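Visitor: Mind having a look at this structure? Questions to follow.
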Amino acid sequence: MKTKLKKIDMKTKRLGNSDLSITPVGFGAWAIGGSGWEFGWGEQDDKASVAAIHRALELGVNWIDTAAVYGMGHSEEVVAFALRTWPGSRPYVFTKCGLRWDEQGYVHRNLKTDSIRRECEDSLRRLNVDVIDLYQIHWPTDDLEEGLGAITRLQKEGKVRWIGVSNFDVDEMRRAQAIAPITSLQPPYSLVHRDVEQEILPYCRSNGLGVIVYSPMASGLLTGAMTRERAASLPVSDWRSRDIEFQEPRLSRNLALVERLREVGERVQRPPGQVAIAWALRNPAVTGAIVGARNAKQVEGNVDAATLRLTDKEMAEIEGRNIREPELVTAA
């Protein structure tokens, strides 16, 4: 019988210029928002969601990342219920603003002052907290300055502790930093999506910005559980059914990545998803990775990635780089 995973000793890291010391892995609450909106992950059982959050906290995770738009407020409510029924110390709660939705569940961007203020009040109420530990602009818009101005005022009022941004490029981060003391960036980062390596991650590192990456397992593609058949049968209520990474020709390339993760994983006795998360955490600019889970079993399969240290050789193997041993040079 397999022994039950015990609390993992995770070394925390300070997030940017904040006083938040976070574990390498955080709980991602996107999928637990459920269906009924444009970027839902299909039907989701709230009891399983609460059990997943509790298991993550039992194993030592000390932060949860959600957003108002996930399930049109539902994810924040589930997080609040999980925390209300959690006997241990309260984790940090990070959420996001700037994405609004209509009655059909379609999403649009809005960083207008009155909209941001209303979003913050709604999130505080849904999350049942007095202050949001990290309040992030979900996506940039032309109203960036107005939106950040509004969040800065909310910070002065004590409703927001630290300010972060998500999905920003370098120019947008520069614009943001001219207005507010930005703490962190939340970009997508995985073996499938490596665009941030060129400019964005180096910029964050040289400017002391924390980085919490999302989708390190590429929204389930790199877990080892995704197959061609499963990708083809994703329900319409799951946004991934419309995502090009889950369709050919990209699907074959992505599933080939999984085989490389699986090979390395077999040697270190870890599942492919953990290897994928550890790969993302290995980048020196990355403070932590947001790891989503829909049940306690998924949490147990992923959280231990925090303790996996990949070697340079394993990194090269995962990335499919040719590893050449240096030739011996002998004196003439």
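The values are calculated or read from the model by the stated rules, or taken from the named source; none is laboratory data. As the structure is a computational prediction, the values presented were derived from the model and not from experiment. Cβ atoms come from the backbone with ideal geometry, glycine included; neighbour counts cover every protein chain shown. Keep in mind that these areas ignore ligands, DNA and RNA; they rest on the heavy atoms of the full protein, side chains included. Shrake-Rupley method; radii C 1.70, N 1.55, O 1.52, S 1.80 Å.
Visitor: Quick one: residue 245 ticks every box in (1) more than 20 Å from residue 298 (Cα to Cα); (2) under 22 Å from the mean Cα position of the chain (by Cα); (3) modelled with pLDDT of 90 or more bar one, so which box is it?
Guide: (3)
Visitor: From the list 148, 201, 191, 154, pick out the single residue that is in contact (Cβ under 8 Å) with a residue 40 or more places away in the chain and in a helix (DSSP H, G or I).
Guide: 201
Visitor: Right, next: If you go through region 80-131, how many residues are of a type in the set (S, T, N, Q) and touching a residue at least 40 places away in the same chain (Cβ under 8 Å)?
Guide: 3
Visitor: Filter region 226-250 down to residues that are open to solvent by less than 60 Å² (accessible area, probe 1.4 Å) and touching a helix residue (DSSP H, G or I) at 6+ places or on another chain (Cβ under 8 Å) and give me whichever is farthest from residue 192 (Cα to Cα). Reasoning before the result, please.
Guide: Applying the first criterion (open to solvent by less than 60 Å² (accessible area, probe 1.4 Å)) to region 226-250 yields 226-227, 231, 234, 237-241, 243, 245-246.
From what is left, the residues that are touching a helix residue (DSSP H, G or I) at 6+ places or on another chain (Cβ under 8 Å) are 226-227, 231, 234, 240, 245-246.
Values: 226: 14, 227: 16, 231: 16, 234: 19, 240: 14, 245: 8, 246: 11 Å.
Looking at residues that are open to solvent by less than 60 Å² (accessible area, probe 1.4 Å) and touching a helix residue (DSSP H, G or I) at 6+ places or on another chain (Cβ under 8 Å), I get 234.
Residue-wise test of (1) hydroxyl-bearing (Ser, Thr, Tyr); (2) touching a Lys or Arg at 6+ places or on another chain (Cβ under 7 Å); (3) under 22 Å from residue 75 (Cβ atoms); (4) open to solvent by 20 Å² or more (accessible area, probe 1.4 Å).
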| residue | (1), (2), (3), (4) |
| --- | --- |
| 130 | no, no, yes, yes |
| 155 | no, no, no, yes |
| 179 | no, no, no, yes |
| 190 | yes, no, yes, no |
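Visitor: Can you pull out every residue in region 97-137 that is within 21 Å of the chain's Cα centre (by Cα) and polar (S, T, N, Q)?
Guide: Correct list: 123, 136.
Visitor: Does residue 162 count as more than 17 Å from the chain's Cα centre (by Cα), closer than 30 Å to residue 222 by Cβ, open to solvent by 50 Å² or more (accessible area, probe 1.4 Å) and at pLDDT 95 or above?
Guide: Details: more than 17 Å from the chain's Cα centre (by Cα): yes; closer than 30 Å to residue 222 by Cβ: yes; open to solvent by 50 Å² or more (accessible area, probe 1.4 Å): yes; at pLDDT 95 or above: yes.
Taking the combined requirement at face value, the residue satisfies it.
Visitor: I'd like to verify a number: residues in region 81-100 that are surrounded by 22 or more Cβ atoms within 10 Å (Cβ to Cβ) and touching a helix residue (DSSP H, G or I) at 6+ places or on another chain (Cβ under 8 Å), how many?
Guide: Here the count works out to 6.
Visitor: Six or more apart or on different chains, Cβ under 9 Å: which pairs go from a residue in region 277-304 that's within 20 Å of residue 79 (Cα to Cα) and surrounded by fewer than 20 Cβ atoms within 10 Å (Cβ to Cβ) to one that's modelled with pLDDT under 90 and basic (Lys, Arg)? Could you list them?
Guide: 300/4
Visitor: For region 204-216, name all the residues that are in contact (Cβ under 8 Å) with a residue 24 or more places away in the chain, open to solvent by 20 Å² or more (accessible area, probe 1.4 Å) and not aromatic (Phe, Trp, Tyr).
Guide: Taking region 204-216 and keeping what is in contact (Cβ under 8 Å) with a residue 24 or more places away in the chain, we get 204-205, 207-216.
Next cut, open to solvent by 20 Å² or more (accessible area, probe 1.4 Å) only: 205, 207-208, 214-215.
Across region 204-216, the qualifying residues are 205, 207, 208, 215.
Visitor: Additional query: The conditions are (1) buried (at least 18 other Cβ atoms within 10 Å of the Cβ); (2) in contact with a Phe, Trp or Tyr (Cβ under 9 Å, 6 or more places away or on another chain), and residue 170 fails exactly one of them. Which is it?
Guide: (1)
Visitor: Mind listing whichever residues of region 204-235 are of a type in the set (A, V, I, L, M, F, W, C), part of a loop (DSSP other than H, G, I, E, B) and within 21 Å of residue 138 (Cβ to Cβ)?
Guide: 209, 217, 218
Visitor: Okay, moving on. Looking at region 57-73, is at least one residue farther than 22 Å from residue 240 by Cβ and without any contact (Cβ under 8 Å) to a residue 24 or more places away in the chain?
Guide: Checking region 57-73: not a single residue is farther than 22 Å from residue 240 by Cβ and without any contact (Cβ under 8 Å) to a residue 24 or more places away in the chain.
Visitor: Tell me which residues, restricted to region 17-56, are modelled with pLDDT of 95 or more, buried (at least 23 other Cβ atoms within 10 Å of the Cβ) and more than 17 Å from residue 95 (Cβ to Cβ).
Guide: 23, 24, 25, 52
Visitor: Among what's in region 251-262 and is charged (D, E, K, R) and without any contact (Cβ under 8 Å) to a residue 40 or more places away in the chain, pick the residue that is most open to solvent (accessible area, probe 1.4 Å). Reasoning before the result, please.
Guide: Residues of region 251-262 charged (D, E, K, R): 253, 259-260, 262.
Subset that is without any contact (Cβ under 8 Å) to a residue 40 or more places away in the chain: 253, 259, 262.
Working: 253: 125, 259: 86, 262: 75 Å².
Looking at residues that are charged (D, E, K, R) and without any contact (Cβ under 8 Å) to a residue 40 or more places away in the chain, I get 253.
Visitor: Filter region 132-145 down to residues that are in contact with a Gly (Cβ under 9 Å, 6 or more places away or on another chain) and either without any contact (Cβ under 8 Å) to a residue 24 or more places away in the chain or part of a strand (DSSP E or B) (or both) and give me whichever is surrounded by the most Cβ atoms within 10 Å (Cβ to Cβ).
Guide: My answer is 137.
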